[in-house]
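Novice: First, the structure itself, so that you have it in front of you.
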Amino acid sequence: MNKKLKLGLASLALVGVMVVGGSLAYFTDTDTKNNIVTLGKVDGNLEEDTDEENVTKTEDGLEYEDNITPGKELSKKPYLVLDQESDDAYARVMISVSGVNGDSSELSEQQKAKLNELTFDYNNAEGWFVAEDGYVYYNTKLTQENSKTAYVFKNVTFPSSWGNEMANVKITITVKGELIQADNFTPTLTDGHITSWGNVDIEAAN
């Protein structure tokens, strides 16, 4: 049985946002690749590395040109970088997976469920922690002296159990990064890990 999966991976550009918690406003930035919108004092970028060959870098991220077979461990290494003019900040990311059939038709419910079987080797040893709210938080404050996070993860693994139901599906892995200023802000800690930014609502700027 010939099982090949078409893969397109992307990282969303971040846009400037403002965070309001109670009566205190925080300056934030969700990551941007080529269209950075700065609001306040926090700014940064989402970058990606890979060990794979035949990869095209686009404005939206990395596009893998080779077909992916079930069981494949794909190299994908996203990280956040604080801008040189930015104040200190905390970082977090949200990972989402979506797909479309090769004929551009919507995935079936069975296919959508299969997307949840992708696994990411989150870099817990270097400070990233998956919290209950779905975000992956970086445990170290970013500063001008320490302006880059570790890789959020280094590999994505595609289940070896996938069969023809996932053939010719184009998969998009979206990594959305967010930054929040560290001054006068204290994240929620659980067992030494940042697990929440508290009662903070983030909305994209117009």
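Novice: Stick to the Cα atoms of the range 129-177, pair each with every other, and give me the Kirkwood hydrodynamic radius in Å at one decimal.
Specialist: 14.3
Novice: Based only on Cα atoms, what mean projected area does the convex hull of the range 106-205 have, in nm²?
Specialist: About 9.3 nm², averaged over all directions.
Novice: I've got another one for you. Could you check the simple spin-label distance between LYS141 and ASP66, using points 7 Å along Cα→Cβ, in nm with one decimal?
Specialist: Calculated label separation equals 4.3 nm.
Novice: Okay, moving on. Dividing the alpha-carbon radius of gyration of the range 34-170 by 2.2 N^0.38 Å (N being the number of residues), what value is obtained?
Specialist: Relative to the 2.2 N^0.38 Å estimate, the range 34-170 comes out at 1.19.
Novice: Cα-based count: Lys pairs in the range 84-206 below 27 Å, eight or more positions apart or different chains?
Specialist: The number of close lysine pairs in the range 84-206 is 11.
Novice: Full extension from MET94 to ASN116: what is 0.36 nm times the residue separation minus their Cα-Cα distance, to one decimal in nm?
Specialist: 6.5 nm
Novice: Just to verify a number: what accessible area does PHE158 come out at with the full protein assembly present, 1.4 Å probe, Å² rounded to tens?
Specialist: Probe radius 1.4 Å; accessible area of PHE158 about 0 Å².
Novice: Say each of ASP183 and SER75 gets a label point 7 Å from the Cα, pointing the same way as Cα to Cβ; how far apart are those two points in nm?
Specialist: 4.0
Novice: Using only the alpha carbon atoms of the range 61-113, find the Kirkwood hydrodynamic radius as the inverse mean reciprocal pair distance, in angstroms to one decimal.
Specialist: Its Kirkwood hydrodynamic radius stands at 15.3 Å.
Novice: Suppose every Lys and Arg Cβ carries +1 and every Asp and Glu Cβ carries -1, with no other charges. What dipole size does the range 83-152 come out with about its Cα centre, to the nearest 20 debye?
Specialist: In total the dipole reaches around 180 debye.
Novice: How high is the FRET efficiency from GLU165 to GLU53, r the C-beta distance, R0 22 Å, rounded to 0.05?
Specialist: The pair GLU165/GLU53 has a calculated efficiency of 0.20.
The values are calculated or read from the model by the stated rules, or taken from the named source; none is laboratory data. What you see is a predicted model; the values in this text were computed from it and never measured. FYI the Cβ positions are ideal-geometry reconstructions off the backbone, even for glycines, and counts take in every protein chain you see. These accessible areas exclude ligands, DNA and RNA; they are computed on the full protein's heavy atoms, side chains included. Shrake-Rupley method; radii C 1.70, N 1.55, O 1.52, S 1.80 Å.
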